Structure formats: C-alpha cells, structure tokens
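Remarks on the structure that follows.
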C-alpha cells in the first residue's frame, strides 16, 4: 500500500511543483472525518464535513476512496507498519527531490487533522531537510504552533469554518495564517481584518506572510454550500483592516 500521493497525481501539487519556488510536493490522503469509522477530523464543523475535498477531483472515484480507507485502517490498526511504510516512502521521496535539486515538502494531513507533532515527533528530526505543512481546525494546536512549540520544519495554517471566526481572529492576532474558502476566485482584499492572499496559485502555505488570510475558492460539494462555511466575497470587497483586531 502506498501512503503518499505525488504531485503528478494532484493538480494543486502540480502547481506547487511548477511554482518556481524550488519545492517537490507530496501529500497523504486519509478517509476524512468519521468515514472510516474512526474520526480523524475532531474539529470539523457540519459545513466542513459536507464540503470536504474528499468529493473533489479524483477523490470522487471508488478506487481512490478505497485507498484512503485502507490507509486509515492501517494507521489505526497496524501503527508500526504504518510508520515503517511512511518513513520508507519519505526516504524515497527525499532522494527523488535531491536528484531534481528541490526541497521535499509534505502534507501529512491531506484530508485529516491528526497531531503528527505529538504522534511521531522523531519524524521531523529524522527528516529535518523536509518542509512539512498542514491545515488544522484545532485552535489549541494552532496556537501552540504560533507560540513556537512545533518542530521548526512543520508549518500549520488554521482553517476557517462557519463556527470558528473568533478562533480565526485569535490566530491572526498571534501571527498565524488562516485559510478561508470563498464562493469563487474573486477574492476580497481584506477579511477578518487581515490582508488576503491567493492560496489557489499553489499549495505551499508556508511561503505566505504570517498573519494573512489564505483565500481558496469552493470546489466539489462546497460550491453550493449555504452553511456559512463558504464565504460570499462581495460583502467584504470593500472591507478595511480593523486595527487592533
């Protein structure tokens, strides 16, 4: 079983690999929320679960969903084999990146929100030349990152939902980056009092300025969302920064 998906199999990672920023990307997709019978997204809101990228692109196919379920079952039911497989794949990926003269960048939580910094802290030391990065909806985890309590090669971006705007403001006050899903690619200049940057040009979240909002546009089942998870940008297009937010 293969755990990591490489850039050539993911349109967004292709953008990252071709961004000119010098990175080679890989991502791990598990079965999100409780679709496997085990919850890997404990802070997912109703809107997040309904709009999950599990339904976007190749993720709609039965073969891809089966592979994600199998990875998730391995993680929970055979943890030793899981770590061995992951580290073997990371070693191969690192060698491939070296041959291409690029820095390996890896998202361990493509469709999950697991605290790998606690589950396997030695992973980040062993692969110290890698840039790891993820999104999370866990506010306490995100603030630990903002406070410098993470491995130096593991970057987190906080994900907004329809229920956590106060947490988003707290993260922004502490210098973290917040990802927000908008209805379309016409993004506002400011949101939640922070400068908005285009997050759909590539997936390398760690290159953006701290304290910014990372704008993504709705895909898959997120497009018709009306829960508040997806933001309609028009009301915010003239929003000015809120000093002291």
(request) Would you mind stating whether residue 181 is crowded, with 19+ Cβ neighbours inside 10 Å and assigned to a helix (DSSP H, G or I)? (result) no
(request) Kindly check whether there is at least one residue in segment 44-51 that is more than 21 Å from residue 225 (Cα to Cα) and either touching a residue at least 60 places away in the same chain (Cβ under 8 Å) or assigned to a helix (DSSP H, G or I) (or both). (result) no
(message) Considering only residues that are surrounded by fewer than 20 Cβ atoms within 10 Å (Cβ to Cβ) and in contact with a strand residue (DSSP E or B) (Cβ under 7 Å, 6 or more places away or on another chain), which ones fall in segment 19-54?
(response) 22
(request) Among the residues of segment 19-33, write down those that are assigned to a loop (DSSP other than H, G, I, E, B) and touching a residue at least 40 places away in the same chain (Cβ under 8 Å). (result) 19, 21, 22, 29, 30, 31, 32
(request) Identify, from the list 127, 158, the residue that is closer than 23 Å to residue 190 by Cα and either without any contact (Cβ under 8 Å) to a residue 60 or more places away in the chain or buried (at least 21 other Cβ atoms within 10 Å of the Cβ) (or both). (result) 158
(message) Looking only at segment 202-240, filter to residues that are touching a helix residue (DSSP H, G or I) at 6+ places or on another chain (Cβ under 8 Å) and assigned to a helix (DSSP H, G or I); which one of those is modelled with the highest pLDDT?
(response) 222
(message) Just the residues that are within 17 Å of the chain's Cα centre (by Cα) and part of a loop (DSSP other than H, G, I, E, B), please, taken from segment 1-18.
(response) 3, 10
(request) Within segment 184-201, work out how many residues are touching a strand residue (DSSP E or B) at 6+ places or on another chain (Cβ under 8 Å) and not in a strand (DSSP E or B). (result) 8
(message) Suppose we filter 89, 117 for residues that are in contact (Cβ under 8 Å) with a residue 60 or more places away in the chain, surrounded by 15 or more Cβ atoms within 10 Å (Cβ to Cβ) and in a helix (DSSP H, G or I); which single one remains?
(response) 89
(request) Hey, could you check segment 92-114 for residues that are touching a residue at least 24 places away in the same chain (Cβ under 8 Å) and assigned to a helix (DSSP H, G or I) and say which is surrounded by the fewest Cβ atoms within 10 Å (Cβ to Cβ)? (result) 100
(message) Tally up the residues in segment 188-203 that are crowded, with 23+ Cβ neighbours inside 10 Å and in contact (Cβ under 8 Å) with a residue 24 or more places away in the chain, please.
(response) 3
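The values are calculated or read from the model by the stated rules, or taken from the named source; none is laboratory data. Source: prediction; values computed, not measured. Counting neighbours? That spans all protein chains shown, and the Cβs are built from the backbone with ideal geometry, glycine included.
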